[in-house]
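Nothing in this text is a laboratory measurement; each read-out follows from the coordinates by a stated rule. Nothing here was measured: the structure is a model prediction, and the numbers come from that model. So basically every Cβ, Gly included, is an ideal-geometry build from the backbone, and we count neighbours across all protein chains shown.
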Amino acid sequence: MKKIIIANFKMNPLTKKKAQELFKAYDIKTKHTVVLCPPFPFLEKGKNYILGAQNCFCRTEGPYTGAVSSKMLKDVGCKYILIGHSERRHIFGETNRIVNHKIKLCIKNKVKPVLCVGENAGEKRDVVLKKQLKEGLKDAQTKGIIIAYEPVFAIGTGKVCEIKDIINSFNLIKKIVPDAKVLYGGSVNSLNAKEILKVTDGILVGGASINKKEFLKIIK
Ligand code: 13P
């Protein structure tokens, strides 16, 4: 079945040339919808993949030095924007309120937000997810929205979430936001991707997305 596979390159690779090598390798026909989210300076459209961005600012235009608007990202070809990634929340101090502003602006500017949610190790998953979804999606149109469940302990650690926990989170999110497509992210690689894709609408891939061999195995 056709799934959504999103590559979050994060702050990699370091040169445009290397980013272009990845674009070239990943610009292939596959049965899945493949979305590539490189760093801003390397955004480049392709024939077979969809372009996405890793973040945007919570205003559309104005005196906000260093900020990038969802409207600008739309203009250069982005169809999706990751919002509220745990690295944005923890390193850059993004709150659910900021996330909510960004979600609503993306929708207004006609780019699809991919809302990232997930608990830290030791936190109650249901409580955290309910709060992130309720506050992040307050007064927002949820039709066609994508939600990525990324438990923080699984990100970049090699400790993928257990399938039963992925299924439970998927069901909880669908119950709260029935319109959503729900993806999983956190230590996805070519060995576990197929099993995860069976129980979700797609995956959000970090580290493995900048490894050509790995990512090609995942999307093929
Ligand atoms: P890893 O795949 O490197 O664990 O990262 C997941 C992630 O944060 C994707 O957004």
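Annotations for the structure displayed:
- A simple rule links phi to the HN-Hα coupling: the Karplus curve 6.51 cos²θ - 1.76 cosθ + 1.60 with θ = phi - 60°, which for the range 15-27 gives 10, 4, 4, 5, 5, 5, 4, 5, 4, 4, 5, 8, 7 Hz, with x for Gly and Pro.
- Max mean-square fluctuation residue, GNM over the chain, Cα-Cα springs under 10 Å, options A148, A67, A140: A67
- Just so you know, the Cα atoms of the range 143-220 work out to an Rg and Dmax of 12.2, 37 Å.
- The chain, dipole about Cα centre (Lys/Arg Cβ +1, Asp/Glu Cβ -1), debye to the nearest 20: 640 debye
- Most fluctuating residue given options G46, G62, G202, as computed from a GNM of the chain linking Cα atoms under 10 Å: G62
- Furthest towards positive pole of dipole, I5, I98, I167, structure part the chain, Cβ charges: I5
- Gain on full stretching of the segment that runs from K194 to K174 - 0.36 nm per residue minus C-alpha separation: 5.1 nm
- The helix-based estimate of mean residue ellipticity at 222 nm for the chain, built from -39,500 (n - 2.57) per DSSP H run of four or more residues and divided by its residue count, is -10000 deg cm²/dmol to the nearest 500.
- Cut-off under 5 Å, modelled amide H: who pairs with V114 long-range: I81, L82, I83
- 3J(HN,Hα) along the range 193-210: 4, 4, 5, 5, 5, 5, 10, 9, 8, x, 9, 10, 10, x, x, 5, 7, 9 Hz, from the Karplus curve 6.51 cos²θ - 1.76 cosθ + 1.60 with θ = phi - 60°, whole Hz, x for Gly and Pro.
- Relative contact order of the range 23-159, defined on C-alpha pairs under 8 angstrom at six or more residues apart (%): 19 percent
- Charge sum, other residues only, whose C-beta stays under 13 Å from R89's C-beta, Lys/Arg counted +1 and Asp/Glu -1: -2
- Taking GluC sites (Glu not before Pro) as exposed when DSSP calls them loop and at most 11 other C-beta atoms lie within 10 angstrom, the chain has its longest site-free stretch at 62-161.
- Within the range 58-73: backbone nitrogen closer than 16 Å to the K108 label point (7 Å, Cα to C-beta): 58-64, 68-73
- Residue pairs, from the table K138/K164; K3/K213; K16/K212; K102/K175, whose Cα atoms sit over 18 Å apart: K138/K164; K3/K213; K102/K175
- Karplus-derived 3J(HN,Hα), 6.51/-1.76/1.60, for each residue of the range 119-127, Hz, glycine and proline x: 9, 7, 4, x, 8, 7, 4, 4, 5
- With neighbours defined as other Cβ atoms within 10 Å of a residue's Cβ, the residues D201, D165, D179, D139 order from fewest to most as D139, D179, D165, D201.
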